[in-house]
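Heads up, the thing below is written out as structure tokens.
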Amino acid sequence: MAHAVTFIPGDGTGPEIAEATRRVLEATGVEFDWDFQNAGIDVYENEGNPLPDRTLDSIRERGLAIKGPTTTPVGSGHRSINVALRQEFDLYACIRPCKAYEGVRTRFPETNIVIVRENTEDLYAGIEFERGSEEVEKLRGFLAGELGSPTRDETGISIKPISVFGSERIVEAAFGYVKANGRRKVTAAHKANIMKFSDGLFLEVARRVATRHPEVEFEDRIIDNLCNQIVSRPEEYDVIVTPNLYGDIVSDLGAGMVGGLGVAPGANIGTTGAIFEATHGSAPKYKGQNKVNPTALLLSGVLLLRHLNETGAADRMERAVAEVIRTGDKVTYDLKPTRDDPYAVGTSQFADAVIEEMR
Ligand code: NAD
């Protein structure tokens, strides 16, 4: 039976890499029943809403979407579609595999880590109080008067909530990922030595969850030490689970270690839906030029196949992408030795090469 999936091309270079990904996914032989829906700046300009209800309804019905990147205007205009999707579908786990494929320029060729980032709590919960506002003065008064914790004048405050519920489900997601994907170890990253009641809670819960999975190795690392270690000895790390802020930073660190944004895939897994998309943005300056690298969204497609238990197709597609990168012949400009290499191919020809490789 065909898999029903919402297909969101996005904007900027999104539609080009999304089309490339659709063609490769279909060439695996797996059947998809795509529901094509819009999101992004183009639909915002036409309809005044960057994320129409029909798009949300489609994801709600199918529980699955693959999405090209979408532009978030700075300063004005609509709010981030990704934030809206995360809230709507409670996408609490952001999974970012960072694997160095042979042929990619990297100083860290042994890297094969997966970051499992909590996506709903921590300093990104959006509980913020602006310097000088009535709210912040009230809060500062409470902190100083009731709790004996004074703050300096002209202070802005962001609150860092970390709950047992949020920590438990993200650490369970990390162990679940290890088991579903034949990995070996979970490392919990934190700063529990300083933030005892937020990161400390995260660590305490992580240790407790680990006892439910004795067959999987478990360890923890203080986040600054972890950053030092993953660039010194990347081969020692496998699946890393973190609260929101550290996960955001370590995900980009990992993407840089394996060749950059053009090759970094992602999956956002929630209670009522899962959305697969590249780590990078809409790269609008290359829009319509058939230029950017589709690898990140292609590998997000591989994650979708694994999520659907289409393991054979996922392996075939990943191997084909890896082979095209390894050969280095039919790759986009960013994977060539110099950025103005005259033999770089376009987005669409990269996809053709992957399809050819799967035959
Ligand atoms: P970006 O990732 O779009 O691009 C930054 C630079 O990285 C590009 O100019 C390009 O040189 C390179 N790059 C990115 N993707 C590439 C690819 N596939 N192949 C080759 N090179 C690639 O980041 P930005 O310019 O900061 O953001 C542009 C827009 O995208 C913003 O509006 C931002 O909010 C949005 N954004 C969306 C998402 C998402 O939809 N998930 C994620 C991040 C940023």
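Would you pick out the residues in the range 75-106 that are among the basic types (Lys, Arg), modelled with pLDDT of 95 or more and either more than 16 Å from the ligand (Cβ to nearest atom) or more than 23 Å from Glu323 (Cβ to Cβ) (or both)? Full working, then the answer.
Within the range 75-106, the subset among the basic types (Lys, Arg) is 79, 86, 96, 99, 105.
Then drop every residue that is not modelled with pLDDT of 95 or more, which leaves 96, 99.
Hit for the range 75-106 is Lys99, nothing else.
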Note: among Ile41, Ile113, just one is in contact with a His (Cβ under 9 Å, 6 or more places away or on another chain) and either more than 19 Å from Gly301 (Cβ to Cβ) or of a type in the set (Asp, Glu) (or both), namely Ile41
Sole miss for Arg79 among (1) in a loop (DSSP other than H, G, I, E, B); (2) closer than 14 Å to Glu277 by Cβ; (3) among the charged types (D, E, K, R) is condition (2)
For this session: Would you be able to say whether some residue in the range 36-48 is within 16 Å of the ligand (Cβ to nearest atom), in a strand (DSSP E or B) and either under 14 Å from Ile275 (Cβ atoms) or in contact with a Pro (Cβ under 9 Å, 6 or more places away or on another chain) (or both)?
Result: no
Considering the range 87-107, residues that are under 19 Å from Ala296 (Cβ atoms) and surrounded by fewer than 21 Cβ atoms within 10 Å (Cβ to Cβ), and then whichever is nearest to the chain's Cα centre (by Cα), we arrive at Lys99
Restricted to the range 251-265 and to residues being assigned to a helix (DSSP H, G or I) and out of contact with any helix residue (DSSP H, G or I) (no Cβ under 7 Å at 6 or more places or on another chain), the residue surrounded by the most Cβ atoms within 10 Å (Cβ to Cβ) is Gly254
Within the range 287-295, is even one residue in contact (Cβ under 8 Å) with a residue 60 or more places away in the chain, buried (at least 22 other Cβ atoms within 10 Å of the Cβ) and not in a loop (DSSP other than H, G, I, E, B)? no
Per the filter on the range 24-35, residues within 22 Å of Ile269 (Cβ to Cβ) and not in a helix (DSSP H, G or I) are Thr28, Val30, Phe32, Asp33, Trp34, Asp35
For the range 211-239, pairs from a residue that is in contact (Cβ under 8 Å) with a residue 40 or more places away in the chain and farther than 21 Å from Gly176 by Cβ to a residue that is surrounded by 15 or more Cβ atoms within 10 Å (Cβ to Cβ) and aromatic (Phe, Trp, Tyr), with Cβ under 6 Å and 6 or more apart or across chains, are Ile230/Tyr237; Pro234/Phe108
Per the list (1) part of a loop (DSSP other than H, G, I, E, B); (2) of a type in the set (D, E, K, R); (3) more than 15 Å from the ligand (Cβ to nearest atom), residue check on Arg60 breaks on (1)
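Which of the residues spanning the range 330-342 are within 23 Å of Arg23 (Cα to Cα) and either of a type outside the set (A, V, I, L, M, F, W, C) or in a loop (DSSP other than H, G, I, E, B) (or both)? Quick ask: steps written out before the conclusion?
Keep residues of the range 330-342 that are within 23 Å of Arg23 (Cα to Cα), which gives 330-335.
Residues satisfying the conditions are Lys330, Val331, Thr332, Tyr333, Asp334.
Right, Ala65: in a strand (DSSP E or B), within 11 Å of Ile8 (Cα to Cα) and either under 23 Å from the mean Cα position of the chain (by Cα) or away from the ligand (no atom under 12 Å from the Cβ) (or both) or not? Walk me through it before giving the result.
Details: in a strand (DSSP E or B): yes; within 11 Å of Ile8 (Cα to Cα): yes; either under 23 Å from the mean Cα position of the chain (by Cα) or away from the ligand (no atom under 12 Å from the Cβ) (or both): yes.
Taking the combined requirement at face value, the residue satisfies it.
The values are calculated or read from the model by the stated rules, or taken from the named source; none is laboratory data. All values reported here derive from a predicted model rather than from experimental measurement. For neighbour counting, all protein chains shown are included, and Cβ atoms are generated from backbone atoms with ideal geometry for every residue, glycine included.
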